[in-house]
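What follows is a set of notes on a single structure, which appears directly below.
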Amino acid sequence: MSAAVQGGGPAVSVVLPVRDGEATLGAALKSLEAQTFPDFEVIVVDDGSRDGSGGIAREWERRDGRFRLVRGGGGGGSGGVGDSADDAAGTGREAPNGIVAALQRGLAEARGTYIARMDADDRCHPERLAAQFELLEGSPALAGCGTGVRYVPEGTVTARAAEYAAWLNSMTDWDTVAANIFVECPLAHPTFMFRARVLAEVGGYRDRGWPEDYDLLLRLWRRGQRFVSVPRVLLDWGNDPGRLSRTHPAYSLAAFRACRVHHLRKSLLKGRSGVVVWGAGPTGKALSREFAWQGVNVLAFVEVDPRKIGQRIHGAPVVGVEAVRGEGGASGALHVGAVARSAGREGVRGAVGGVGLGEGADFVAMA
């Protein structure tokens, strides 16, 4: 019997925010009902929906006591069977408070030892919660985990999206996650399952104008917490081009860069004289502008293209690989790889190792 059950609550609380998700919410909840692991609750946080999302969640609450409806992130209580004031469009509805407020509301309502995430346009495979619970129960050193994902419908998946899904699905051991923590968010947000006490220690989610899931993982990483993915595809990830992560400025490339640089400043860049950027292409130039904006000195760019060596970019010289041989921690600079594609990053890693820079100490891969 789990500690959560012994304490009177479920083992796992699934936090599922929704806004105007009636087209997919029922299927998402049905996939949770079908879990082989039964000891869970689902907290559906309706963030100001104008469609029938609240009614769908309320019907699930009536038929299965493990499902609960709560309203928004700005107050209010459980939807409840008797809460009918908002059945009519525009009557008694709260204004949307945003994804972070909805997530925080869900965390406040959760009673489980573990907190899992889910979105209204995704579907869990039946073994998802069981596999994550088993991994975390058997791995006390882990703060949490994700799972492998596949985009659906498959016919809409671009080559870049497929590459990203494959990258996510490779994050199954801590060494790989740690080496890539500043490349991208290493776990898919709808697959999160974390120990509730760990999330409480960092205050849960926060709104800083950049991706709330990535910000959370980087704060956990800075505190020495570890997380990996279960090496199985256990979630079908909705690939709707209108989803929030595709349209909201908080999930833009610029917002991701700002998030990475902020957390690098708070960790590996402490006490350093600045950065040396490996890559003078569009990714390196954009990253250097963000470093400068956040007050970090860009000391040089490293390039393998002889046509670029000798130039200056934003006032910093472009040098060849041999110019930085042996200039690791002693130089006072942190070397950062700035290449967007996986193959290019591996090439930079090889060159970095060849001149005596240690990954995680003198060098970190970014995108």
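All of the numbers you see were taken from the coordinates with simple rules; none came from a lab. The shown structure was predicted, so the numbers you read here are calculated from the model rather than taken from an experiment. Every residue, glycine among them, receives a Cβ derived from its backbone with ideal geometry; neighbour counts consider all protein chains shown.
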## Note on the structure
Taking a crude spin-label model, label points 7 Å out from Cα along the C-beta direction, the A361 to T156 distance in nm is 4.7
### Query
Among V304, V261, V18, whose mean-square fluctuation peaks in a Gaussian network model of the chain (Cα, cutoff 10 Å)?
V304
### Summary
Under the 7 Å Cα-to-Cβ spin-label approximation, Q311 and D207 lie apart by a distance in nanometres of 4.1
### Task
Taking only Cα atoms and a 10 Å spring cutoff, compute GNM fluctuations for the chain and point out the largest among R68, R307, R325.
R307
### Task
Could you tell me what percent of the DSSP beta bridges with both partners in the chain are antiparallel, to the nearest 5?
20
### Residue order, fewest to most beta carbons within 10 Å, for R71, R341, R123
R341, R123, R71
### Query
In straight Cα distance, which lysines are under 18 Å from K285, not counting same-chain residues fewer than 8 positions off?
K308
### Task
Quickly work out the V321-to-V304 label distance, labels modelled 7 Å from Cα along the C-beta direction, and quote it in nm with one decimal.
0.6
### Percent antiparallel among DSSP beta bridges (both partners in segment 272-366, rounded to 5)
10
### Task
Could you pull out every residue, at least 5 positions away or on a different chain, whose amide H is within less than 5 Å of the one on F67? Hs are placed 1.01 Å off N in the peptide plane, and Pro or chain starts have none.
V42
### Task
Rank S139, G350, V100 by how far each Cα sits towards the positive end of the charge dipole of the chain (+1 on Lys, Arg Cβ; -1 on Asp, Glu Cβ) and give me just the farthest.
G350
### Query
For segment 136-153, in order, what is each residue's ³J(HN,Hα) by Karplus, 6.51 cos²θ - 1.76 cosθ + 1.60 with θ = phi - 60°, in whole Hz (x at glycine and Pro)?
6, 5, x, 9, x, 6, 8, 7, x, 7, x, 9, x, 10, 9, 6, 9, x
### Query
Length gain on complete extension for the stretch T176 to S342, per 0.36 nm per residue less the alpha carbon to alpha carbon distance?
58.4 nm
## Note on the structure
Taking a straight Cα-to-Cα line shorter than 15 Å from K30, and setting aside same-chain aspartates and glutamates fewer than 8 residues away, one finds E22, E41, E59, E61, D64, D119, D121, D122, E127, D236
### Message
Below 8 Å between Cα atoms, with a sequence gap of 6+, how large is the relative contact order for the chain in percent?
### Response
14
## Note on the structure
Answer in debye to the nearest 20: the dipole magnitude of the chain about its Cα centre, from +1 Lys/Arg and -1 Asp/Glu charges placed on Cβ, is 1240
### Message
In whole Hz and in residue order, list the ³J(HN,Hα) couplings for segment 258-267 that follow from phi through the Karplus curve 6.51 cos²θ - 1.76 cosθ + 1.60, θ = phi - 60°; x for Gly and Pro.
### Response
4, 5, 4, 5, 4, 6, 5, 4, 7, 9
### Per DSSP, loop trypsin sites (Lys or Arg not before Pro) in segment 169-234 with at most 12 further Cβ within 10 Å
R223
### Task
Could you line up R260, R63 from fewest to most neighbouring Cβ atoms inside 10 Å?
R63, R260
### Task
Rank the residues L220, L168 as a footprinting-exposure proxy: fewest other Cβ atoms within 10 Å of their Cβ go first.
L220, L168
### Message
Which residue fluctuates most in the GNM of the chain (Cα springs below 10 Å): D240, D64, D215?
### Response
D64
#### Entry: Folded to 0 to 90 degrees: helix 342-354 orientation relative to the chain principal axis, Cα
40
